[in-house]
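Worksheet: one structure, shown below.
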Amino acid sequence: MKNKINLRMYLVGLVATVLTAVLITASFYQISETEVWKQLEKTGKIFSCAGTDLDKLRDMSGSVNNYYRVTMIDHDGTVLFDSRMDISRMENHADREEVISAKDGRISKVTRKSDTAGKMTHYYAMEIGQGKVLRIALESDALNKTYLTVLPFIMLVAFFVYVLCFFLSRSLTKRIIKPMEEMAKGNTSAPYPELEPFAQSIKERAEIENIKTEFTANISHELKTPLTSISGYAELMESDFVKSKDIKEFAGRIHSESKRMMTLIADIMKLSELEDSGITYSFEKFPISGVVRECLSSLELSAENHQVTLHMEGKDDVMVYGERKLIAELIYNLCDNAIRYNYMGGSVKVSFSERDDDICLNVKDTGIGIPEENHKDIFRRFYRVDKSRSKATGGTGLGLAIVKHVCELHHARIKVVSKEGKGTTIMVIFPR
Ligand code: ADP
């Protein structure tokens, strides 16, 4: 990329330099030519003062002979005077373009190859009375000579401009590329506003990559713990260290650890399913009360074990728009937590209502609460405020991460209101 930008900049510099040189040259030539005609006109006017007096014309032309050629032509084309040529050898000039034009009373300016001198020449001719024509000529060599003296200077300037372009393009390329190289090294702040989307996508990719690595490490760790226990219990049983009366208890432990593993794997699968953008869900409008009832009834046993009472409050006609299974999963996870993180004799109330443009679902418990500083973290995967309680009650650390995903899929907002030791209310606000 660096070489490409460099090469393109050199080429742009080269084209610009060549174009500038050509344009300067062309303009210079144009200006010089205009200047030549002005000079010829001035000289013509001065020489016309001599009128038809040949001696005077001879005297005057002597001083400028190196530069201008002065000729006087009679009305019939006979050359009466020429400052450089022998007039006896000169042919009739009646057919010369500038002479014909000047005879018509006009001032004529003609550039052509001289028939007498054989060189490209600028002719300025005018009638000076009695049909006689005064002609001042300047060979183009003179103009070319001036031009050729300036040309090396133009080329030199062009060369210096190109060398300057060369170094400027190198330093400019470096300055353009450097921030990109920094970005590639991991510095994700965009150096130019145009690179903001690029920086953003690098940032997002790095974040996703981080989350994936962290997630994989966490999964391995979470699976290793129950597997180590299972393997340990099985090893003890295998080596006859366990008394026959304890075998039942050990088998029970193996059973509960494997159940924990299965729940964990099921949660991981649910999460990866929710993250799979290729899955299309069938959304429908349905009464939320039915789903709440089903969840509460499936959690009755757990509530009984924790000595927690379950309540529901809300009208049967409150409808929610979404994927039934996912919303059931969300309500289940919230209620499950409300039971597991509750005190003995506590209660859980699930209420739902319509509010302007929203459907509001509240899961309120009278449990241990969540410290304020942990509110923002509880939706992260495998994040637990009370690790031992989570594990002891069969938590996987993924329940609220699933809730968060379901909310995102339904464009629902989620709010946590909690006070340590008093209880927690989690609000989910679905758009109608
Ligand atoms: P877990 O499977 O550990 O319950 P979750 O993702 O469901 O994982 O919840 C994350 C953490 O948030 C829990 O470990 C717990 O510390 C805290 N938590 C969630 N719900 C409640 C609640 N209703 N009351 C108190 N703490 C809660």
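The values are calculated or read from the model by the stated rules, or taken from the named source; none is laboratory data. The structure presented is a predicted model; accordingly, all values stated were derived computationally and were not measured. FYI the Cβ positions are ideal-geometry reconstructions off the backbone, even for glycines, and counts take in every protein chain you see. Just the protein is used for accessible areas: all its heavy atoms, side chains included, with ligands, DNA and RNA removed. Shrake-Rupley method; radii C 1.70, N 1.55, O 1.52, S 1.80 Å.
Criterion first (loosely packed, with under 12 Cβ neighbours inside 10 Å, under 60 Å from the mean Cα position of the chain (by Cα) and over 16 Å from residue 395 (Cβ atoms)) does residue 258 satisfy it?
It is false that residue 258 is loosely packed, with under 12 Cβ neighbours inside 10 Å, under 60 Å from the mean Cα position of the chain (by Cα) and over 16 Å from residue 395 (Cβ atoms).
Can you tell me which residues in the range 328-342 are open to solvent by less than 20 Å² (accessible area, probe 1.4 Å), more than 7 Å from the ligand (Cβ to nearest atom) and among the hydrophobic types (A, V, I, L, M, F, W, C)?
330, 331, 334, 335, 339
Can you tell me which residue within the range 371-412, out of those that are open to solvent by less than 30 Å² (accessible area, probe 1.4 Å) and at positive phi, is farthest from the ligand (Cβ to nearest atom)?
Filtering the range 371-412 for residues that are open to solvent by less than 30 Å² (accessible area, probe 1.4 Å) and at positive phi, the one farthest from the ligand (Cβ to nearest atom) comes out as 382.
Among the residues of the range 360-370, are any open to solvent by less than 50 Å² (accessible area, probe 1.4 Å), touching a residue at least 12 places away in the same chain (Cβ under 8 Å) and more than 13 Å from the ligand (Cβ to nearest atom)?
yes
Starting from residues that are hydroxyl-bearing (Ser, Thr, Tyr) and under 17 Å from residue 415 (Cα atoms), keep the ones in the range 343-359 and report whichever is farthest from the ligand (Cβ to nearest atom).
Applying the first criterion (hydroxyl-bearing (Ser, Thr, Tyr)) to the range 343-359 yields 343, 347, 351, 353.
Pick out the ones that are also under 17 Å from residue 415 (Cα atoms) and you get 351, 353.
Values: 351: 15, 353: 20 Å.
Taking the candidates together, the pick is 353.
Looking for something open to solvent by 30 Å² or more (accessible area, probe 1.4 Å) and within 16 Å of the ligand (Cβ to nearest atom) - is there at least one such residue anywhere in the range 311-318?
Yes, because at least one residue in the range 311-318 is open to solvent by 30 Å² or more (accessible area, probe 1.4 Å) and within 16 Å of the ligand (Cβ to nearest atom).
Could you check, for the range 288-309, whether at least one of its residues is exposed (fewer than 12 other Cβ atoms within 10 Å of the Cβ) and in a loop (DSSP other than H, G, I, E, B)?
No: zero hits.
Which strands (runs of 3 or more DSSP E) does the range 99-199 wholly contain that include 1 or more residues that are open to solvent by 70 Å² or more (accessible area, probe 1.4 Å)?
Values: elements: 108-113, 120-129, 132-139.
Filter on the range 99-199 gives 108-113, 120-129.
Any residue at all in the range 40-56 that's part of a loop (DSSP other than H, G, I, E, B) and open to solvent by 70 Å² or more (accessible area, probe 1.4 Å)?
Checked against the condition, which is being part of a loop (DSSP other than H, G, I, E, B) and open to solvent by 70 Å² or more (accessible area, probe 1.4 Å), the range 40-56 yields at least one hit.
Would the range 83-96 turn up any residue that is at pLDDT 85 or above, part of a strand (DSSP E or B) and surrounded by 13 or more Cβ atoms within 10 Å (Cβ to Cβ)?
no
In the range 317-424, which helices (runs of 4 or more DSSP H) lie fully inside it and hold 3 or more residues that are touching a Leu at 6+ places or on another chain (Cβ under 7 Å)?
Correct list: 324-340, 399-409.
A quick yes/no check of all residues on (1) more than 19 Å from residue 275 (Cα to Cα); (2) over 44 Å from the mean Cα position of the chain (by Cα):
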{"site": "375", "(1), (2)": "yes, no"}
{"site": "378", "(1), (2)": "no, no"}
{"site": "381", "(1), (2)": "no, no"}
{"site": "384", "(1), (2)": "yes, no"}
{"site": "388", "(1), (2)": "yes, yes"}
{"site": "393", "(1), (2)": "yes, yes"}
{"site": "403", "(1), (2)": "no, no"}
{"site": "412", "(1), (2)": "no, no"}
